[in-house]
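Asker: To start, I am sharing the structure in question, which I have written as structure tokens.
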Amino acid sequence: MCLAEYELLDGSALQMLQVMCSVQGVQMLEFDLTWDYPALNAQDYLDGTCMVCAGPNILEYVDFRTNTTTDKSGFVPDQATEENPNRQAALQHSGDVHRPNGTGCSHKIVVYTSQLHDYVDNLFFVLSAWNAATIGAYPRPQVNVYQVLQNGEKELRGTYEIARAKAHEAVVMCCLHRSAIGGWEVVLVEAYSAGNAKNYNHIKQTITGMIPTFMAL
């Protein structure tokens, strides 16, 4: 799904960005990752991670260990107000959700856009291999982006073709970018990287190199 394209200046970190979907007015987005284990009951993981950025800085990340963002990125439940008594953490990660039949696993990252602080402008979504050398070791990986409606129903807004990243240890798949005209856009990035959830240093370097491009949009 491509709704627009940005042509960027030569020498920028990325030469073209594709907007997977525009999500103006959307309060809740869900990023779903599923995969099969390399062998039955041989538990090995793809990891879905979100890096939260403000300007040139990575504020924090959520993954299977951290589960939720802190007040660095957005409001947290203990900051509930009379106007909003059921305040959610801005980002929530499901952790590892194993299939009962032992064939695979899933991760879910939920973003409550209204709970993010105004200075948060980019959320980068990363996929990485845990023990395997490359993403391609995991059969049938899939990433879907859903808009969650007020009645709880989910509307598919975009997908990422993971097969293109199969030769790499990690890929920065997409970015939830705060548009200068308001609202949010899910922007396809597809930047390959070394590193994984055991050590994010290489992945953070990859993202830091892209941030100036997004700040210029």
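The values are calculated or read from the model by the stated rules, or taken from the named source; none is laboratory data. Predicted model, so just to flag it, every value in this text is computed and none were measured. We place every Cβ from the backbone using ideal geometry, glycine too, and count neighbours over all the protein chains shown.
Asker: List pairs: first in segment 102-120 and free of Cβ contacts under 8 Å to residues at least 60 places away in the same chain and under 23 Å from ARG65 (Cβ atoms), second surrounded by 20 or more Cβ atoms within 10 Å (Cβ to Cβ) and aromatic (Phe, Trp, Tyr), Cβ under 6 Å, 6+ apart or cross-chain?
Answerer: Listed by first residue and then by second, the contacts come to GLN115/PHE75.
Asker: Filter segment 93-111 down to the residues that are over 13 Å from the mean Cα position of the chain (by Cα) and either crowded, with 19+ Cβ neighbours inside 10 Å or at positive phi (or both) and list them by number.
Answerer: GLY95, GLY102, GLY104, CYS105
Asker: Follow-up question, since we're still on this one. Looking only at segment 125-133, decide whether some residue is exposed (fewer than 15 other Cβ atoms within 10 Å of the Cβ) and at pLDDT 85 or above.
Answerer: Looking for residues that are exposed (fewer than 15 other Cβ atoms within 10 Å of the Cβ) and at pLDDT 85 or above, one finds at least one in segment 125-133, hence yes.
Asker: Would you be able to tell me the number of residues in segment 175-196 that are surrounded by fewer than 23 Cβ atoms within 10 Å (Cβ to Cβ) and either among the polar types (S, T, N, Q) or in contact with a Pro (Cβ under 8 Å, 6 or more places away or on another chain) (or both)?
Answerer: 2
Asker: Okay, moving on. Against the definition (within 22 Å of TYR112 (Cα to Cα) and of a type outside the set (Gly, Ala, Ser)), how does GLU153 come out, yes or no?
Answerer: Details: within 22 Å of TYR112 (Cα to Cα): yes; of a type outside the set (Gly, Ala, Ser): yes.
Considered against the rule, which asks whether it is within 22 Å of TYR112 (Cα to Cα) and of a type outside the set (Gly, Ala, Ser), GLU153 comes out as yes.
Asker: Give segment 92-118 a look and list any residue that's closer than 28 Å to GLY74 by Cα and among the basic types (Lys, Arg), or say none.
Answerer: LYS108
Asker: Now for a different question. If I filter segment 137-153 for residues that are more than 30 Å from PRO56 (Cβ to Cβ) and in contact with a helix residue (DSSP H, G or I) (Cβ under 8 Å, 6 or more places away or on another chain), do I get at least one hit?
Answerer: Within segment 137-153, one or more residues are more than 30 Å from PRO56 (Cβ to Cβ) and in contact with a helix residue (DSSP H, G or I) (Cβ under 8 Å, 6 or more places away or on another chain).
Asker: Could I ask something else about it? Applying the selection to segment 127-150, what residues are more than 10 Å from LEU46 (Cα to Cα) and in contact with a strand residue (DSSP E or B) (Cβ under 6 Å, 6 or more places away or on another chain)?
Answerer: Result: PRO139, ARG140, GLN142, VAL143, ASN144, VAL145, TYR146, GLN147, VAL148.
Asker: Any residue in segment 76-88 that is at pLDDT below 85, touching a Phe, Trp or Tyr at 6+ places or on another chain (Cβ under 8 Å) and buried (at least 16 other Cβ atoms within 10 Å of the Cβ)?
Answerer: yes
Asker: Ok, one more. With respect to LEU156, determine if the residue is of a type outside the set (Ser, Thr, Tyr), part of a strand (DSSP E or B) and in contact (Cβ under 8 Å) with a residue 60 or more places away in the chain.
Answerer: Here the answer is no, as LEU156 does not meet what is asked.
Asker: May I ask you to say which residue of VAL172, VAL189 is at pLDDT 85 or above and touching a Leu at 6+ places or on another chain (Cβ under 8 Å)?
Answerer: Every option except VAL189 fails the conditions.
Asker: Which one is nearest to the chain's Cα centre (by Cα), of the residues in segment 16-44 that are modelled with pLDDT of 80 or more and surrounded by 21 or more Cβ atoms within 10 Å (Cβ to Cβ)?
Answerer: PHE31
Asker: So is ILE162 modelled with pLDDT of 90 or more, in contact with a Pro (Cβ under 6 Å, 6 or more places away or on another chain) and surrounded by 14 or more Cβ atoms within 10 Å (Cβ to Cβ) or not?
Answerer: It is false that ILE162 is modelled with pLDDT of 90 or more, in contact with a Pro (Cβ under 6 Å, 6 or more places away or on another chain) and surrounded by 14 or more Cβ atoms within 10 Å (Cβ to Cβ).
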